[in-house]
Amino acid sequence: MILVTGSILAREDSFEEVLAACLDHVERSRTEPGCISHDVHFDCQNPMRLFFFEQWADEDALRTHFAVEGSKAFVRSLKGRIVETTGTRIYRAESIPR
């Protein structure tokens with residue numbers, strides 16, 4: 001499994017537009033082949049920061065996700081609306097039996 005994390009800090013004056021774009025991106029991404037989960041969360045310490053957590057079946061599914069026009073359009077839609085981003089962090093993971 002591939003895990004993806006990242007966060008963005010929205011400008012206060014464009015937060016609603018950023019949140020709407022994030023929710024649209026999440027809903028669209030969930031329908032893609034290989035998507036196990038795709039979520040966006042509010043940061044409890046700074047509600048202008050949105051945190052992404054994604055699980056993908058494999059690297060091919062993630063590469064395909066990044067290449068989808070909707071993903072590229074989402075990234076473009078954030079330009080000028082966010083203060084900062086942590087960037088995308090990608091990890092290989094495996095389940096550990098308990």
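The values are calculated or read from the model by the stated rules, or taken from the named source; none is laboratory data. Note that the structure is a prediction, hence the values are computed from the model and not measured. So basically every Cβ, Gly included, is an ideal-geometry build from the backbone, and we count neighbours across all protein chains shown. Ligands, DNA and RNA are excluded from the accessible area calculation, which covers all protein heavy atoms including side chains. Shrake-Rupley method; radii C 1.70, N 1.55, O 1.52, S 1.80 Å.
Laid out as a table, the results:
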item	result
The chain - Kirkwood radius from inverse mean 1/r over Cα pairs (Å)	13.9 Å
Residues of the chain: accessible area per residue with a 1.4 Å probe, Å²	65 Å²
Protein accessible area in the chain, 1.4 Å probe - carbon and sulfur %	55 percent
Choice from Arg30, Arg63, Arg11 with maximal GNM fluctuation in the chain (Cα, 10 Å cutoff)	Arg63
Value of Rg to Rh for the range 7-57 (Rh from inverse mean 1/r over Cα pairs, i.e. Kirkwood)	1.02
Cα-centre dipole for the chain with unit charges at Cβ (Lys and Arg positive, Asp and Glu negative), debye to 20	200 debye
